[in-house]
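The structure that follows is given in the form of C-alpha cells.
We did not get these values from a lab; they are worked out from the coordinates using the rules stated. This one's a predicted model, so the numbers in the text were calculated from it and none came from an experiment. Reconstructed Cβ throughout: ideal geometry from the backbone, glycine too, with neighbour counts over all protein chains shown.
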Amino acid sequence: MKNLIIYAHPNSASLNHFFKQTIVENLQKSSQEIVVRDLNEINFNPVLSLEDMQGQRIGQVAEDVKTEQDFISWADQIIFIYPIWWTGMPAIMKGYIDRVFSYGFAYRYDQGVQKGLLNGKQTIIINSHGKSNAEYEAMGMDKALRLTSDTGIFIYSGLEIKHHLYFDKADRASAENISEWGNQLISILEENQLTEKN
C-alpha cells in the first residue's frame with residue numbers, strides 16, 4: 001500500500017511527532033511505501049492567495065500545490081496527524097486543505113451536485129487535544145469536529161475514513177497513556193494490512 005502521511009506540528013518532542021514516528025516505523029516493518037509531508041519542515045505556505053483562487057477557477061495551481069496534489073494522487077491511504085488547537089486544525093494544516101484540496105482536484109460540481117474526487121482512497125486521522133473526551137462530549141465539541149472535518153472536508157472530498165482517533169488530555173499524558181496509544185496505532189495499522197490482504 002502507498003501511504004502518504006501529512007503531518008503538522010512544529011515540535012519534534014511532541015506527542016504528535018511520537019505518533020508519526022510510531023506509524024512510520026510500523027509501516028516500514030511491513031515494507032509498505034511511505035511518503036511523509038511534514039508541513040512545518042517543508043515550510044508549506046498555508047495562505048490561499050487571490051492568485052490561487054483565480055487559478056483554481058481555471059484549473060491551474062501553483063507548483064507547490066501541484067507537488068502536494070501529485071503525492072495525494074499517488075497514495076492509496078492518507079494519514080493526517082495534527083493537534084486540535086482552538087477547536088480546529090493548526091493554521092498550516094487548514095491552509096494545506098484550502099490550497100491543495102482545490103476545485104477540480106478534490107471536488108467539483110456536476111449540474112449543481114457536489115462530487116468528491118478522491119474516491120478510492122482511505123484515510124486515518126489522528127488528533128490530540130487538551131480537554132478530556134468527556135468534556136468534548138458534554139459541550140458537543142466531538143460532534144462539531146466530526147461535522148467540520150470528517151463531513152465537511154474528508155468525506156466531502158470522497159475520502160473513506162477508516163479511523164479518526166482523538167487522544168485526549170494530551171498535555172498531561174502519562175508514559176503509560178502514551179505507550180497505550182502507540183499500541184493502539186500499531187493495532188489499527190496491522191488490522192488495515194490484514195484487510196488489504198483479504
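Under a crude label model (7 Å from the Cα following the beta-carbon direction), how far is residue 134 from residue 150 in nanometres?
2.2 nm
Can you give the local net charge around residue 164? Use residues other than it whose beta-carbon is closer than 9 angstrom to its beta-carbon, Lys and Arg +1, Asp and Glu -1.
Residues close to residue 164 contribute a combined charge of +1.
Next up: Give a residue-ordered list of calculated ³J(HN,Hα) values for the range 54-66 (Karplus: 6.51 cos²θ - 1.76 cosθ + 1.60, θ = phi - 60°; whole Hz; x for Gly, Pro).
5, x, 4, 5, 10, x, 10, 10, 5, 4, 5, 5, 4
For the Cα atoms of the chain, what angle does the longest principal axis make with the long axis of helix 175-197, in degrees from 0 to 90, nearest 10?
Rounded to the nearest ten degrees, it is 50.
Taking +1 at the Cβ of each Lys and Arg and -1 at the Cβ of each Asp and Glu, which of 187, 80, 35 sits farthest along the dipole of the chain towards its positive end, judged by Cα position relative to the Cα centre?
Checked the options; the winner is 80.
Taking only Cα atoms, what is the 0 to 90° angle, nearest 10, from helix 15-29's long axis to the longest principal axis of the chain?
The helix 15-29 is inclined about 90 degrees to the chain.
Which ³J(HN,Hα) values, rounded to whole Hz and listed in residue order, are derived for the range 85-99 from phi using the Karplus coefficients 6.51, -1.76 and 1.60 in 6.51 cos²θ - 1.76 cosθ + 1.60 with θ = phi - 60°, glycine and proline given as x?
Coupling constants for the range 85-99: 10, 6, 6, x, 6, x, 3, 5, 6, 4, x, 4, 4, 4, 8 Hz.
Tell me which residues come under 5 Å, amide H to amide H, from residue 34 once H is placed; ignore anything under 5 positions away on its chain.
Here the answer is 3, since their amide H atoms fall under 5 Å of that of residue 34.
Could you count how many Lys pairs in the chain have their Cα atoms under 15 Å apart, skipping same-chain pairs fewer than 8 positions apart?
Lysine pairs, 8 or more places apart or on different chains, close enough: 7.
Then there's this: How large is ³J(HN,Hα), in whole Hz, for each residue of the range 161-174 in order, when computed from phi with the Karplus curve 6.51 cos²θ - 1.76 cosθ + 1.60 and θ = phi - 60°, using x for Gly and Pro?
7, 7, 8, 10, 9, 10, 9, 9, 6, 5, 6, 9, 6, 7
For log10 I(q)/I(0) by the Debye sum over Cα atoms at q = 0.10, 0.17 Å⁻¹, several values are listed as [x] -0.42, -1.24; [y] -0.40, -1.09; [z] -0.53, -1.10; flag the one computed from this structure.
This structure yields the entry labelled [x].
Pull up all non-local amide H partners of residue 9: gap of 5 or more, or a different chain, and H-to-H distance under 5 Å with H placed in the peptide plane.
Those lying under 5 Å, H to H, from residue 9 are 39, 40.
What share of Cα pairs, in percent, lie more than 18 angstrom apart in the range 110-176?
48 percent
Tell me which residues come under 5 Å, amide H to amide H, from residue 79 once H is placed; ignore anything under 5 positions away on its chain.
4, 5, 6, 124
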